[in-house]
Every structure is written in structure tokens, then in C-alpha cells.
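The values are calculated or read from the model by the stated rules, or taken from the named source; none is laboratory data. These numbers were taken from a predicted model, which means no experiment stands behind them. Here the Cβ positions follow ideal geometry from the backbone for every residue, glycine too, while neighbour counts run over all protein chains shown.
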Amino acid sequence: MKSPAVRSVFFPLWLASILSLLPMGPSSAENDIAQMRYEAAHQDRRIIFDNDGNEVVYYMDEATPEALLKKRTTGVLNTHVDTIVYCTWSSGFSYFTHNTKAGVPFVSTAEEPGKGPGSGFSKNKAQALFDKGLDPLTIVTDFCREKDIEIFWSMRMNDIHDAWGAWYSPHLFPPVKQEHPEWLVGSKENVPPNGTWASVDFTVPEIREMAFRFFEEVCNNYDVDGVELDFFRHPVYFKRYAWEGVTTPEERAMMTDLLRRIRTMADDVGKKRGRPILITVRVPDSVDFCRDMGLDIEAWMADDLIDILVPSGYFRLHPWEDSVALAKKYDVPVYPCLSESRIKDPEARKIRASRESYRARAMDVWQSGASGVYMFNFFSSPNPLWSELGDPKILARLDKVYTTGARGLKEMAYWNKNGQRYMKREHLSPEAPRTMAPGETGHVSLRVDKPEPDATVVLNIRIKDNVDTDALAVVYKDITLKQIASEGAWRRYEVIPSTMHTGMNRIAFSNEHNGPHALTIDDMNLRVSYPQ
């Protein structure tokens, strides 16, 4: 019997040639980086804080690392913020406040007309930092490394602040758009029905190549833990979608190919440095909405192209449980995004911007089974919320205000004129009121966590136009609630804490007026308070 060494001499060369042409499984290095990515993606994060980086342009008094970090970064120390997502401006597609070669450094110091020194971009310290050999992204990354905070770089994939018609818009219109207006989805004179005209069209190969180079530059030159593709700023990516509200499979494949290129590149860089680069995406919380706008998020998760899913932004379409179930199907961590309220009504917006409302919204996220909370467009630092929202046990006995949702409907209609068809959750606000004729009934459900026995629970209902009638009857679990106050347009009702449960609580109301008067409820909230 021949030894293994002898047998190898007689291994057929023709068979070796054939085997060399057959597809092979992933290499050890590929398996290693995939496993490292998986472990890094699934680590515990309580709060992910998206810092959109505009402190460099608007708020710094001097060009120093200390001045940069003081404005919005050092305040997260010793809080629940485990991850910072740092966006270096990226307004107008290609403008950045890190020292880019692939894009264009945003160094404008233009003043707002009529406002004088200190206004507009006049405090922009980007160029002053560059002149000192400093880079905002490096400063924040080094800080996070030192303090053991995870750091991601974020790019707004199609920011169109350059089309708002504001004083600053011409200053944000980048060279690529000036030189290639044919790469945009429309023009000032020809505005599409969905979104606005200044979005770049990702069917253009040069646009996809530029986007790839932006990520490649950051992955190679900065010690980040991950990169984020922010598809909510702003949600228009294809000319067909801007005009027709749909995309083709071929267009969706273009975006998926871009994700695949970024994944391959990031993994290659991760292998070289021995530490993975995660990829997260911020997208609308609807598979259908994403598909129609050109984002095949299910394919991205199925093909292991993304590591973390961040659903929602300007608007929310589904209960958080839907996003959690979708992500868990592909074993992807999910961090629902708590953006600021865009409801136009000042009083309704103030309620939703309150500390108590953010607590209730965060509790809703934790109840859904999500991995953690993602905060966007919330700049105050330090802020007590950073030490509250990341722990449901702390939230349990804190005052909260529950609504059907902080985001409204008008923002959705701006980005998709027929966006209402994607809405899969209950909504009651000044943008979606409920009108009842005499004798008519209605209901709405509020998601709450079960109050402690010593809580004071008050249901607040606002009657549009402050109709002078007490004909509104409110029933919860077959109990007619007692009206305890009438303050302007608001009617306040006492709720017994022990009757409530964690989850959706259905509240019924009816117009018991005998005459011709209709009643319109245009806002509702539930306030839970605890003894101090």
C-alpha cells in the first residue's frame, strides 16, 4: 500500500485542473471576518446616538478638539449611550466636514443675508481644523476609542437641503450637481411629485461609484467600528420613483450591488486590520415602501450585506414589532429610530417633544423586543434622557406621556404622495383627527406599559374648535371614564392604573349629543405620573 506521500505523486493533474475551476466555499479569513462581524453586531447597545455633525459648521467658537467634543460628545460619557453615529455633514451629496479627497470638503463661511457675523455658516471651523492638521472625524473617533464607545461614520445617501429654497441652499449645491444637472431626478422648473428635484439618480453609474468611493475612503483612513448608509436623508434615489412612485427590479439590483461592493470592501479592510467594519442602514419601516423606492432590504439581510437595521425617521408606518420580527427572521439586530416630531400643530408637537414623551416612546421600543434605542436629531448634550432611555427598569417608574405616535402624516405624503397606503398602524393627531356625528362611536388604541399601583393616570382628549359640549363619552374596558377637568379644548379623564395592561389599550368614545353637533377629536395622550 502506497504512503500518502507516494499517492500524491499519482494525483491526476487533469482532476486538479478541474477542481481548481469549481466554486469553493468561503475561505477561513472570510469565515473569520463574518463571525467577528456577527459577534460585534450582536453586542449589547442601549442607546445609539446619531450626531449629525453640524456642530463643526454652526456651533464651535474655536478650532480645537476640545471645542468640538464639548458641543455634543463629552456629554454622553457615563450614560446609556454605547454607540455614536457621526455624520460629517454630507449635505448636497459629496460635501463633507471630514478631510475628504473622494468628496468635497465643506468649508463655506457664508453669512445668512441680513444677519451679519455669527450667522449662517460664518462659524464653520472645518478649514481652520484642516489647517491645523486636525480632522473632525478623527477627533471624534479618537475620543470614542479612548472612552470605549463604539463609533460609526454615517453618510446621508441623498441629502437635498440644497433644494429647500432656504438662504443656505445655493451654498449646499455641490459641484457634481452643477456640472451634471442631467444626473438629477428633476430641476427647479420641473419638480417631481415625490420628494424634490435635487436628488441624484442612482441609475447613473457615476453616482453609485462616487458613493462607493466615499465609504471606501472612510473605511481605509479612519478607525471606525462601522459605517451607516442613511437612506432616510432623503428617501428618493431613482428618477422613476420621484415621478411614478415605483422602481424596477433592475433599479433595486443596482442599489443592492452598491451594498454588496461596500460590504466586500469593508470586509477586506476588516481582514487587514483584524477587526470588522459593521454596516448599518437607516430606512423606512416598511418592506413595501422600501422596495418601491428602490431598497430591497430583505435581500440585503438575506445576503448578509448589512449588520444592523435602523427603521424609521421622518415618519413611522408600522408597529415596532413588525420591524423586530422582520430583522429577527434574518438574525439582524434592530434599533428603532426615535426622530423628533414633525407634526405642525405647535401644541401637539410640544407634547411629543417632551421628556415624558421620549420616555414613553423608548418604553414602546423596549416592549417590542428591539435590541435598543436609536436617537436622531436630538442634540442636547449632556441630557438626562441619556441616562434614562436605555434601561426599561429605570423607565418603569418615571413619568411618561403616551400618544399614538410622535411622527405625523404630512412628511410621508411629501416623500410619497400616495404614502398613506403603506400605513399599518393607528394614528390620531391634528393631522389625522376623528370626527363623530351625534350617536356615532369610535375607538383608538394606545400602547402603554402597565402603570404601578401608585401612579396617577390621566387620559387627555382635545376637541377640535373647542366645541362647547360635554357630550363626549369615553369608555375603557367597559368602564365609563370620569371627566375630572375641562381646560380649553382639552377634556381630562381619570383612569384606574390597575385596569391597564402592558401593550395596546383600546379606548372607545362616542358623541352622545342629541342635536346636530359633530365632535372631532384631534389629539389624545395618556399621562402617567408617579409621586416624587
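For the stretch 282-294, indicate whether the set of residues that are touching an Asp or Glu at 6+ places or on another chain (Cβ under 8 Å) and of a type in the set (A, V, I, L, M, F, W, C) is non-empty. Yes, because at least one residue in the stretch 282-294 is touching an Asp or Glu at 6+ places or on another chain (Cβ under 8 Å) and of a type in the set (A, V, I, L, M, F, W, C). Considering the conditions (1) assigned by TED's automatic domain parsing to the domain that holds residue 333; (2) of a type outside the set (Lys, Arg); (3) farther than 22 Å from residue 147 by Cα, residue 79 is excluded by exactly one of them, (3).
Being out of contact with any Leu (no Cβ under 9 Å at 6 or more places or on another chain), in the same structural domain as residue 89 (by TED's automatic domain parsing) and not in a loop (DSSP other than H, G, I, E, B) holds for only one residue in 291, 263, and it is 291. The single condition from (1) closer than 22 Å to residue 358 by Cα; (2) assigned to a strand (DSSP E or B); (3) touching a residue at least 60 places away in the same chain (Cβ under 8 Å) that residue 531 fails is (2).
Summed over the stretch 400-447, residues that are closer than 23 Å to residue 477 by Cβ and not in a strand (DSSP E or B) total 9. Considering each of 413, 437 in turn, give the residue that is of a type in the set (A, V, I, L, M), within 19 Å of the chain's Cα centre (by Cα) and at pLDDT below 95. So the residue among 413, 437 that is of a type in the set (A, V, I, L, M), within 19 Å of the chain's Cα centre (by Cα) and at pLDDT below 95 is 413. Restricting the first member to the stretch 487-514 and to residues that are closer than 22 Å to residue 529 by Cα, and the second to residues that are assigned to a helix (DSSP H, G or I) and of a type outside the set (A, V, I, L, M), the beta-carbon pairs closer than 8 Å and six or more apart or on different chains are 488/466; 489/464; 489/465; 489/466; 502/367; 503/367.
Residues checked against (1) farther than 26 Å from residue 167 by Cα; (2) in the same structural domain as residue 58 (by TED's automatic domain parsing); (3) surrounded by 15 or more Cβ atoms within 10 Å (Cβ to Cβ):
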{"site": "109", "(1), (2), (3)": "no, yes, yes"}
{"site": "114", "(1), (2), (3)": "no, yes, no"}
{"site": "120", "(1), (2), (3)": "no, yes, yes"}
{"site": "128", "(1), (2), (3)": "no, yes, yes"}
{"site": "135", "(1), (2), (3)": "yes, yes, yes"}
{"site": "142", "(1), (2), (3)": "yes, yes, yes"}
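Across the stretch 266-288, what is the number of residues that are part of a loop (DSSP other than H, G, I, E, B) and either over 25 Å from residue 242 (Cα atoms) or outside the structural domain of residue 158 (by TED's automatic domain parsing) (or both)? Of the residues in the stretch 266-288, 4 are part of a loop (DSSP other than H, G, I, E, B) and either over 25 Å from residue 242 (Cα atoms) or outside the structural domain of residue 158 (by TED's automatic domain parsing) (or both). One residue stands out in the stretch 326-357 among those that are touching a Lys or Arg at 6+ places or on another chain (Cβ under 9 Å) and assigned to a helix (DSSP H, G or I): the one that is farthest from residue 433 (Cα to Cα), namely 356.
Considering the stretch 427-453 alone, what residues qualify as being within 17 Å of residue 502 (Cα to Cα) and in contact with a strand residue (DSSP E or B) (Cβ under 7 Å, 6 or more places away or on another chain)? Scanning the stretch 427-453 gives 444, 445, 446, 447, 448, 451. Contact map, the stretch 353-378: first residue surrounded by fewer than 22 Cβ atoms within 10 Å (Cβ to Cβ), second residue acidic (Asp, Glu), Cβ cut-off under 6 Å, separation 6 or more or different chains; pairs are 356/399; 368/321; 377/340.
Under the condition of being farther than 16 Å from residue 60 by Cα and of a type in the set (S, T, N, Q), the residues counted in the stretch 121-174 number 5. Suppose the filter is out of contact with any helix residue (DSSP H, G or I) (no Cβ under 8 Å at 6 or more places or on another chain), over 15 Å from residue 505 (Cα atoms) and assigned by TED's automatic domain parsing to the domain that holds residue 496; does residue 473 pass it? Considered against the rule, which asks whether it is out of contact with any helix residue (DSSP H, G or I) (no Cβ under 8 Å at 6 or more places or on another chain), over 15 Å from residue 505 (Cα atoms) and assigned by TED's automatic domain parsing to the domain that holds residue 496, residue 473 comes out as yes. Considering the stretch 71-92, and only residues there that are assigned to a loop (DSSP other than H, G, I, E, B), out of contact with any Leu (no Cβ under 7 Å at 6 or more places or on another chain) and modelled with pLDDT of 95 or more, the residue that is surrounded by the most Cβ atoms within 10 Å (Cβ to Cβ) turns out to be 73.
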